[in-house]
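Down below is the structure, laid out as structure tokens.
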Amino acid sequence: MIGEEGRSVMEKYDTMIVGGGIAGLQAAIQLGRYEHRVLVIDAGYGRSTLCKSYHNLLGWPDGVSGEELRRLGRLQAEGVGVIFVKDEVVQAVNKGKPGDGFEMWGKSGKGYEARTLLLATGLLDRIPDLPKLKDCLGLTVYVCPDCDGYEIRDKQTIVMGSGDVGAGMALTLRMRTDKLTYVNHQQRAVKSELLSELKGKGITYIAEDIQEVIAEANGLFRGVVLANGKRIDAERGFIAFGGNEVKSDLARQLGAERMENRHILTDPRSKMTSVPFVWAAGDVGVHAEQVTIAMGEGAQAAIWINKVLLMLKEETKIHRVVIRS
Ligand SMILES: Cc1cc2nc3c(=O)[nH]c(=O)nc-3n(C[C@H](O)[C@H](O)[C@H](O)COP(=O)(O)OP(=O)(O)OC[C@H]3O[C@@H](n4cnc5c(N)ncnc54)[C@H](O)[C@@H]3O)c2cc1C
């Protein structure tokens, strides 16, 4: 925690977006186009920095990487006046009653202030540190059956996972391919019903650590080598290790309501959280975990942030008139 002494915020924005991934960028573009003063604070990691190719997006039939989408999004947002800073926000302060604003404090020691706040901080997948695995993400190894089940149809596929979560993923993918192996990397317990279901559906089950991921330089997954030295060849992979980290601690600090799994609850219409003038969009909110949905929620939150900002600006005008007269 940064000490309270001697801290001062330089400048006050209309809105502050914590998280410059997909949801944050879409919201920033929309809010910039309303000509509000918008600040995006981003730490520079996140799911959209990991995916080497999204295949299910309108307009990108050959795929587009998260890095490229982020680069384009930032350019577009900067074009409408949005300001970006690289920092990781570690402390969130509600300055009082709705309209008084919020202060965000970064790891850098800098403070940022705005009248409204959007949390678009996403989540982080738990991915074991296996060299070469990250090079394949989105290209030949996937995380989301709704996004990429299509990519493994009839292909030799390994689910690299852990416990029941990995077993559940293998069972979900069974309709896409019958050449499926589930490697339970940390040998966490798998319920006996799931083990029988795996067997019944012809899914090979191996409880053994993965020692190495085999992949070519262009992110082409070739299989794994197990701790016992056995090599399993495959064309595609999925990961499902469970224990993902929902990045909602700032919401907790502000007292916003969260679900048991730490996703932030929002009003379905406005995406506002239970704390007035704090919104949430994208993977940090209730669970859809797709690019297009993160974009949609970012835009939806921005529309409502704009309504509130207009109201606040109108109130300020009225207030000034009353004081002057
Ligand atoms: C390997 C992989 C493949 C995927 N494939 C697909 C696919 O094919 N199709 C699809 O639709 N979706 C896919 N997804 C999911 C998709 O990437 C996410 O749904 C999307 O990125 C969500 O956007 P977001 O803005 O909520 O989060 P993110 O894109 O993760 O952005 C969150 C941002 O918040 C920032 N941040 C977090 N905490 C802080 C803080 N305290 N201070 C400052 N900044 C902070 C991070 O740095 C990050 O930039 C995939 C995900 C992964 C990991």
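The numbers here are math on the coordinates, done by the rules we state, and not lab data. Worth saying up front: this structure is predicted, and the values here are computed from it rather than measured. Backbone-built Cβ (ideal geometry, glycine too); neighbour counts: all protein chains shown.
Tabulated data for the structure shown
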| item | result |
| --- | --- |
| Three-way shape call for the range 165-229 based on the alpha-carbon gyration tensor, with the a/c threshold at 1.5 | oblate |
| Label-to-label distance, nm, for residues given as Ser270 and Leu57 (7 Å Cα→Cβ offset) | 3.0 |
| Cα gyration tensor shape for the range 1-111, rounded if a/c is under 1.5, else prolate or oblate | prolate |
| Rounded if a/c under 1.5, otherwise prolate or oblate - the range 16-60, Cα gyration tensor axes | oblate |
| Virtual paramagnetic centre 7 Å along Cα→Cβ of Tyr45, amide N under 17 Å, in the range 82-119 | 86-91, 106-108 |
| Translational diffusion coefficient (Stokes-Einstein; Kirkwood radius from C-alpha pairs) of the range 220-325 at 37 °C, 0.692 mPa s, in µm²/s | 189 |
| Candidate aspartates and glutamates - alpha carbon under 12 Å from Lys12, same-chain residues fewer than 8 apart omitted | Asp100, Glu103, Glu113 |
| Whole-number Å³ per residue for the convex hull built on Cα positions in the range 97-217 | 189 |
| Ranked His287, His263, His185, criterion: other C-beta atoms within 10 Å, fewest first | His287, His263, His185 |
| Distance from the range 45-90 to the range 148-210 (C-alpha centre basis), Å | 31 |
| Which of Val85, Val190 has the fewest Cβ neighbours within 10 Å, and the rest in rising order | Val85, Val190 |
| Proximal aspartates and glutamates relative to Lys110, as straight alpha-carbon distance under 17 Å, when same-chain residues fewer than 8 apart are discounted | Glu4, Glu5, Glu11, Asp42, Asp87, Glu88 |
| The chain: calculated mean residue ellipticity at 222 nm from DSSP helix runs of at least 4, using -39500 (n - 2.57) | -9000 deg cm²/dmol |
| Extension gain (nm, one decimal) between Asp209 and Ser108, 0.36 nm per residue minus Cα-Cα | 32.5 nm |
| FRET efficiency, 1/(1 + (r/R0)^6) with R0 45 Å, evaluated for Glu315 and Val225 via beta carbons | 0.10 |
| Counting all C-alpha pairs of the chain, share separated by more than 27 Å (%) | 49 |
| Model label zone, Arg126; criterion: amide N under 20 Å from point 7 Å along Cα-to-beta-carbon; scope the range 148-172 | 159-172 |
| Gain in span if fully extended, His287 to Glu216, counting 0.36 nm per residue against the direct Cα distance | 22.3 nm |
| Kirkwood-Stokes translational diffusion coefficient of the range 74-168, alpha-carbon pairs, 10 °C, 1.306 mPa s, µm²/s | 89 |
| FRET efficiency, 1/(1 + (r/R0)^6) with R0 56 Å, evaluated for Glu193 and Asp100 via beta carbons | 0.60 |
| Positive-pole candidate from His287, Leu312, Gly242, dipole of the range 235-317, charges at beta carbon | Leu312 |
| Potential extension, Gln156-Val85 segment - 0.36 nm per residue separation minus Cα distance | 21.2 nm |
| Candidates Cys144, Cys51, Cys136: whichever shows maximal mean-square fluctuation once the chain is modelled as a Gaussian network with Cα springs under 10 Å | Cys144 |
